[in-house]
């Protein structure tokens, strides 16, 4: 440790303390400059930077430079900047402060060189994000935040147990590529997967995020799941088990999003879908696949935030979230609609958008490995993304029937934030080499071939055709869909309330019994000591004399024996 | 006087929208006559991916399948949206 060095993430974690102290334009300056300073710190850190601290008999490494870490920290900083711009007027002080601590600790994870540092930032993220959810202020947000916190604390406990077991086995706390071959590494993998939204606990994303404020969900969509992608990318590249898990997530997201009526829950399910692509690619594990996962995460954060900013603007201006209440908004909210459509095209990997040049790395990696089934499923899923997010979201919110709502576009800072991310979605799509240059491995891939362009247009346009042909089958209903959270929201709740009522019956019976016993005792006491009792007929002095006489008599008898 | 309906929402324009969509789909299929697709899985004896219009019908069929699957699962999974309300 030759020079002074702090984790770039701490700039935002510590800087967030200023947010509640400042107001007005000064606060805006802090909100916008903290991510810029963080980004500068990320890129000024030398490529071999490492800060080592002795702790007990281990060596912690709170700062370690890596190409993967730099890539994720870069997009996290950009996200915090644009998110801050989007949020600073509408969001509460608590939400902004918590969101910056949350974003900063996510960046802290990307520079963690050891598992202890990683775990500490991991847990700060869980707390920060819970406060972001609670900041919406509604009772449903409070309950959803509580469920969210419980799931993440559970994930944290599993991760911690895994880390302890791993350190016990290997004697090292270093965060590096691991094999899933021991209880410790299995638990660490499960801990990471909980945050990625993997089955069976995927439901927490669609349960909690849509309860946050319009800006809150923009922050939430970016950090937790993508930090988990980063951790899997560094910790478990090429772990075969991740391929089926990722594929399950991909189709889970599509099916549930197709069933969903709430526009922000549609986008929440779509997060699971997108992270599924990345998890499967990490499982494939070739350099191209890992590049694909990293690039897709980068692009995804931007277009998913853009979609949620568009949905958030609709929520802010109309107060409505359900597709059944919305429609026809393109007429009075053209800016929101255009930006929502750009995000929708990017998530669908339309040519000339960021999704096209990043997701294709993953599908091509599957093809290059000769994984036919995986490739066919990923191709179907790519079509399905257009179906559930690419068309469904803009169609039901901005078009379909005319709801008669005529809200204006949102305030200027929200519009500017959306334009910035739309610009990035198309910019990355047109100039993929600028993103390819900062990926973990050298890229030898050309997304813009005639073959790729033609096939991608065909898949997407015919997927769109399927949407309109089957539009009647997708009529929105006022429903939600059961998921794993049914177990802890209904099943166990019913069991607990059943137990409560049964045990209160039992409790009453026991109480009656005890009362009867007590009454019996009182009765007996009363019978003997009450006004009519045998033992109460004489005055105490009289009975004293009686008992003394009895005792003396007994003594006399004993004396003679 | 009530606001005149937007062009998109007028009944008489619906057939036009369908025609536009079909024309776009035809245009997307046009290159099939000129280009040869890359064979990814020749070694495994799978050549369907390079056949005429594979990406078009595969995109359509899988999406229709996913909508149908969602519809079927919906029978079991859907509940009124106040299901969890306390």
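The values are calculated or read from the model by the stated rules, or taken from the named source; none is laboratory data. Because the structure is a prediction, the values reported are computed rather than measured. Using ideal geometry, Cβ is built from the backbone for each residue, glycine included, and neighbour counts are taken over all protein chains shown.
Let's see how each residue does on (1) surrounded by fewer than 21 Cβ atoms within 10 Å (Cβ to Cβ); (2) touching a helix residue (DSSP H, G or I) at 6+ places or on another chain (Cβ under 8 Å); (3) within 15 Å of residue A:224 (Cβ to Cβ):
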position	(1), (2), (3)
A:74	yes, yes, no
A:86	no, yes, no
A:93	yes, yes, no
A:106	no, yes, yes
A:117	no, yes, no
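In the set A:409, A:483, A:402, only one residue is touching a residue at least 40 places away in the same chain (Cβ under 8 Å), at the interface with another protein chain (Cβ under 9 Å from one of its Cβ atoms), more than 25 Å from residue A:253 (Cα to Cα) and not in a helix (DSSP H, G or I); that residue is A:402. If you filter region A:364-380 down to residues that are in contact (Cβ under 8 Å) with a residue 60 or more places away in the chain and in a helix (DSSP H, G or I), you find that the one that is surrounded by the fewest Cβ atoms within 10 Å (Cβ to Cβ) is A:368. None of A:475, A:489 is within 38 Å of the chain's Cα centre (by Cα), loosely packed, with under 10 Cβ neighbours inside 10 Å, under 30 Å from residue B:68 (Cα atoms) and within 13 Å of chain B (Cβ to nearest Cβ) except A:475. On inspection, residue A:456 qualifies as within 14 Å of chain B (Cβ to nearest Cβ), touching a residue at least 24 places away in the same chain (Cβ under 8 Å) and under 32 Å from the mean Cα position of the chain (by Cα). What do you reckon, is residue A:306 over 20 Å from residue A:477 (Cα atoms) and crowded, with 24+ Cβ neighbours inside 10 Å? So residue A:306 passes the test. Quick one: in region B:39-52, which of the residues that are exposed (fewer than 14 other Cβ atoms within 10 Å of the Cβ) and facing chain A (nearest Cβ under 8 Å) is nearest to residue A:372 (Cα to Cα)? Only one residue tops the list, namely B:44. Number of residues in region A:300-321 that are closer than 19 Å to residue A:205 by Cβ and not in a loop (DSSP other than H, G, I, E, B): the value is 14. Do we have any residue at all in region A:332-348 that's without any contact (Cβ under 8 Å) to a residue 12 or more places away in the chain and within 14 Å of chain B (Cβ to nearest Cβ)? Among the residues of region A:332-348, not one is without any contact (Cβ under 8 Å) to a residue 12 or more places away in the chain and within 14 Å of chain B (Cβ to nearest Cβ), which makes the answer no.
Within the bounds of region A:426-446, is there any residue that is closer than 24 Å to residue B:52 by Cβ, within 14 Å of chain B (Cβ to nearest Cβ) and out of contact with any strand residue (DSSP E or B) (no Cβ under 9 Å at 6 or more places or on another chain)? Among the residues of region A:426-446, not one is closer than 24 Å to residue B:52 by Cβ, within 14 Å of chain B (Cβ to nearest Cβ) and out of contact with any strand residue (DSSP E or B) (no Cβ under 9 Å at 6 or more places or on another chain), which makes the answer no.
For residue A:75, are the conditions met, namely being in a helix (DSSP H, G or I), modelled with pLDDT of 95 or more and more than 24 Å from residue A:234 (Cα to Cα)? When the stated conditions are applied, residue A:75 does not pass them. Here A:159, A:193 are screened, and the one residue that is at pLDDT 95 or above and within 21 Å of residue A:300 (Cα to Cα) is A:193. Restricting attention to region B:58-86, report how many residues are touching a helix residue (DSSP H, G or I) at 6+ places or on another chain (Cβ under 7 Å) and more than 7 Å from chain A (Cβ to nearest Cβ). Looking only at that region, the number is 0.
Every residue, every condition in (1) assigned to a helix (DSSP H, G or I); (2) farther than 28 Å from residue B:38 by Cβ, yes or no:
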| position | (1), (2) |
| --- | --- |
| A:444 | no, no |
| A:448 | no, no |
| A:451 | yes, no |
| A:458 | yes, no |
| A:463 | yes, no |
| A:476 | no, yes |
| A:494 | yes, yes |
| A:502 | yes, yes |
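Can residue A:140 be described as under 19 Å from residue A:214 (Cα atoms), out of contact with any helix residue (DSSP H, G or I) (no Cβ under 6 Å at 6 or more places or on another chain) and in the same structural domain as residue A:76 (by TED's automatic domain parsing)? Answer is no for this residue. If you check A:24, A:9, A:15 for being assigned by TED's automatic domain parsing to the domain that holds residue A:108 and modelled with pLDDT under 90, only one passes: A:24.
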